[in-house]
Amino acid sequence: MADKNGFFDLSKTTLSRRTALKGIAAGAGLALAPGFVRYSQAQSSAPIKIGFQLHRTGIGAAYGRWYEKTSAAAVKAINDAGGIGGRKVELVIEDDGTDPARGAEVVNKFAKQHKTDIVFGTLFSHVVIGSAPAAGENKIPYFVVSEGHHVASTKLNRYVFQPGITDVKSQIQSMAPWIAANAGKKVTQIFPDFAFGYDHRDYLPPALKAQGADVIAQIAIPPTESSFTKYFPQIPAETEVIYHVMVGPAVLTFVKELGEFYGSQRPQLFGFIDSLEAVDINSPGLEFLDGSHFWEGSPRYAQPDDSAAQKAYRAAVGIDDNGAAVGDPKDVSTAAHMFGCWETLYVVKKAMEDAGYKGPEDRAKLVEATEALKEFAEGPEHPQGPKTFNGKIHQCFGVQNISKVEGGKLKVVHKTKIEDGLYEPEGDYTTQAL
Amino acid sequence: MHFGPHLLLAALEGLVTSAVLALTALGLSLVFGVMRVVNVAHGEFFMLGAVLAWAVSTAISGHPAIGFVAALVIAPLLVGLVALIAERLVLRRLHYNPEGTIVATIGMLYIIQQLALTFYGPEARPVEPPFSYRILLPWFGYSGYKLSVVAASAILLVITWLVLTRTKIGLIMRATQYDRETAQAFGIPVERVYAGVFAVGAMLAAIAAVLIVPISQAHYLMGQDPLLLSFIVVIIGGLGSLRGTVVAAVLIGLSDGIVSMFFSPTLAKIIATLVVAMVLVFRPQGLFGTTPR
């Protein structure tokens with residue numbers, strides 16, 4: 001009988017360590033390779049096509065899902081009201097895997113293959129920074145909803161805008177007085193070890209210094225870390241406030257382990273809600289957060305003084321009074337950030353209509369029309385609140401909320417003013433050629 | 001914090017890492033030792049265990065301990081079943097060819113991961129620990145559950161060792177590992193042993209995941225780190241050696257805990273990788289491995 005299966009072939013039965021390593025290397029290589037991408041062609045030139053660079057997978061996936069829901073709701077509202085300049089709007093979605101290299105590929109694909117009018121929707125700052133050059137090369141306007149300071153720093157290029165959410169530098173500057181006055185003067189910072197975290201690392205110390213408070217320790221944690229107790233001994237004993245801002249899938253572990261470490265004997269906590277975005281604040285192990293404070297871009301829980309616009313926005317996106325998906329209380333939204341998608345799409349609508357935008361040949365006009373914008377009034381198009389826009393640095397400035405955890409809910413206790421967050425522009429995009 | 005308590009905390013954290021790592025790596029080592037299959041999808045069985053633990057514990061109401069115990073039983077069984085099906089449909093058809101199975105398990109990795117993303121979603125979801133006792137030390141608080149993970153893992157390791165050395169099943173497995181042809185000649189149903197070992201390997205990873213999931217949530221990408229660390233442990237300990245796996249897991253876990261606490265977590269990873277390189281250069285068969293015949 002022929003040994004078809006190779007059962008008795010001794011040379012085949014032992015697997016050398018070299019082969020094993022080859023397999024491991026191949027596995028690692030594959031894990032890094034860009035994923036399979038869908039190709040689709042424009043069916044018609046009629047609708048305005050917005051390329052949506054979405055964190056559908058990777059560490060930003062929880063945000064991505066809610067960015068998608070919010071954007072879909074905004075596009076529906078815009079289309080129901082007649083679209084942009086009478087044309088329907090269509091979102092073309094590509095997953096960037098929350099990865100900078102893939103982000104740039106996605107932007108190229110939107111520009112060259114889908115031929116979308118603009119690119120929109122990126123959150124994670126390293127993806128924005130990685131994708132911005134591709135947007136500049138393709139001369140395609142790139143509207144991000146990222147919160148990072150990179151757009152306003154004027155280190156990117158003229159095609160990148162952030163008109164829907166305030167940048168971190170401004171947020172920190174506007175909240176520092178409250179932190180110094182109400183939480184404590186000796187602050188230890190815990191932040192993710194990448195671009196977004198560095199904004200916090202770089203802008204909090206000077207902002208607190210101006211208020212007579214000090215950052216006494218800075219602890220950077222890799223965004224893919226899954227256990228955190230090992231970092232906590234680095235927190236100095238004299239710390240009065242722990243300022244935490246974490247992102248990624250392990251945020252709940254971070255907060256829980258902080259609770260196990262300190263128990264009720266904890267310093268004051270001031271966190272960016274990023275540390276608990278998409279996480280139920282009533283999850284087991286989070287009881288110790290009671291009485292601590294969080295930054296929120298837009299409040300997760302419905303507040304007694306919510307405007308009609310805020311209520312309409314929440315209903316359109318489909319979140320209940322607790323900030324969870326209607327019908328699924330466990331599906332908690334990323335309310336503090338996702339409003340930026342809604343508002344950015346309305347800014348795009350306004351700018352396109354101002355520019356008399358017809359198609360990709362008018363992209364330069366769209367850039368100039370966006371730069372000419374000055375203010376966004378609070379209302380159905382801007383439910384989070386009023387904003388000013390600085391066309392030179394492509395950044396908007398709005399109000400920030402400081403919320404206290406009380407009885408398992410987040411209650412807004414302080415709202416900053418737009419003026420609190422204004423700073424000297426670091427440059428001027430409008431001097432760059434189009 | 002003073003040096004003493006600091007070191008204690010580092011050691012505790014390291015022990016928890018070791019405990020979970022030892023179980024996961026043992027599964028990988030067993031599959032390699034007996035079947036000579038490098039299971040790249042091992043981390044995904046780990047992830048699947050955590051995800052199923054979430055599903056089971058949320059489906060069962062009442063005291064969290066009931067849900068957790070149910071998850072501890074049901075999740076590994078389901079993962080074992082998935083592994084069994086994968087073994088039947090994929091590995092057996094490749095005749096356990098070493099190169100072929102590597103590629104096939106890479107494929108399985110992606111299939112399982114994307115199915116989890118599709119049906120479970122991108123969120124990290126918590127599982128309530130069966131009890132939430134906080135041990136209050138004079139210098140810091142520590143989760144009592146974390147310590148119980150170490151104990152549970154130690155018990156499971158002892159059971160595995162007893163099964164391998166004291167039972168007939170263990171004897172059959174060891175015989176198959178030692179010499180497949182001779183074992184087959186003596187009437188051992190090698191294919192069934194392979195199927196069983198593959199399922200048990202996956203189940204060990206799943207048990208480790210159920211134990212860890214109340215500490216760190218279930219997430220569809222959580223299989224990557226354990227896979228990498230398991231490979232490191234198995235290479236250091238010697239492919240196919242139970243004792244080596246456990247020793248290497250404790251070594252890597254403790255050094256990870258202590259180095260990352262006193263220096264930086266990145267340095268801990270650098271050291272672990274360096275140790276792998278050194279072992280490969282100076283003792284290619286691993287600390288306790290035997291040279292391939």
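The values are calculated or read from the model by the stated rules, or taken from the named source; none is laboratory data. Since we're looking at a predicted model, the values are computed, not measured. Cβ atoms come from the backbone with ideal geometry, glycine included; neighbour counts cover every protein chain shown.
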Yes or no: A:Lys365 without any contact (Cβ under 8 Å) to a residue 24 or more places away in the chain, in a helix (DSSP H, G or I) and either in contact with a Gly (Cβ under 8 Å, 6 or more places away or on another chain) or among the hydrophobic types (A, V, I, L, M, F, W, C) (or both)? yes
Residue that is farthest from B:Ala11 (Cα to Cα) [pool: residues in region B:265-286 that are of a type in the set (S, T, N, Q) and within 9 Å of another protein chain (Cβ to nearest Cβ)]: B:Gln285
Go through region A:372-389 and count every residue that is surrounded by fewer than 19 Cβ atoms within 10 Å (Cβ to Cβ) and either within 18 Å of A:Asp117 (Cα to Cα) or not hydroxyl-bearing (Ser, Thr, Tyr) (or both). 8
Just one of A:Ala101, A:Ala72 is in contact with a Pro (Cβ under 8 Å, 6 or more places away or on another chain) and of a type in the set (A, V, I, L, M); which is it? A:Ala101
If you take the residues of region A:378-411 that are out of contact with any Phe, Trp or Tyr (no Cβ under 6 Å at 6 or more places or on another chain) and among the charged types (D, E, K, R), which of them is nearest to A:Gln310 (Cα to Cα)? A:Glu378
Which of (1) within 14 Å of another protein chain (Cβ to nearest Cβ); (2) more than 17 Å from A:Pro284 (Cα to Cα); (3) assigned to a helix (DSSP H, G or I) does B:Thr58 not meet, given it meets every other one? (2)
Among (1) closer than 24 Å to A:Thr224 by Cα; (2) at pLDDT 90 or above; (3) not charged (D, E, K, R) - the single one A:Ser71 does not satisfy: (1)
Determine, yes or no, whether B:Glu191 is touching a Phe, Trp or Tyr at 6+ places or on another chain (Cβ under 7 Å), assigned to a helix (DSSP H, G or I) and surrounded by fewer than 24 Cβ atoms within 10 Å (Cβ to Cβ). no
Any idea which of (1) modelled with pLDDT of 95 or more; (2) under 22 Å from A:Phe272 (Cβ atoms); (3) surrounded by fewer than 21 Cβ atoms within 10 Å (Cβ to Cβ) is the one A:Asn401 doesn't satisfy? (3)
Say we look at region A:255-267 and pick out the residues that are free of Cβ contacts under 8 Å to residues at least 60 places away in the same chain, more than 9 Å from chain B (Cβ to nearest Cβ) and not β-branched (Val, Ile, Thr); which of these is farthest from A:Val187 (Cα to Cα)? A:Ser264
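Yes or no, residue by residue, for (1) surrounded by 22 or more Cβ atoms within 10 Å (Cβ to Cβ); (2) among the charged types (D, E, K, R):
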{"position": "A:Ala72", "(1), (2)": "no, no"}
{"position": "A:Asn79", "(1), (2)": "no, no"}
{"position": "A:Gly82", "(1), (2)": "no, no"}
{"position": "A:Gly86", "(1), (2)": "no, no"}
{"position": "A:Asp96", "(1), (2)": "yes, yes"}
{"position": "A:Ala101", "(1), (2)": "no, no"}
{"position": "A:Glu105", "(1), (2)": "no, yes"}
{"position": "A:Phe110", "(1), (2)": "yes, no"}
{"position": "A:Ile118", "(1), (2)": "yes, no"}
What's the number of the condition A:Thr224 fails, among (1) buried (at least 24 other Cβ atoms within 10 Å of the Cβ); (2) within 14 Å of another protein chain (Cβ to nearest Cβ); (3) hydroxyl-bearing (Ser, Thr, Tyr)? (1)
Among the residues of region B:207-218, are any buried (at least 24 other Cβ atoms within 10 Å of the Cβ), in contact with a Ser or Thr (Cβ under 7 Å, 6 or more places away or on another chain) and over 28 Å from B:Tyr120 (Cα atoms)? no
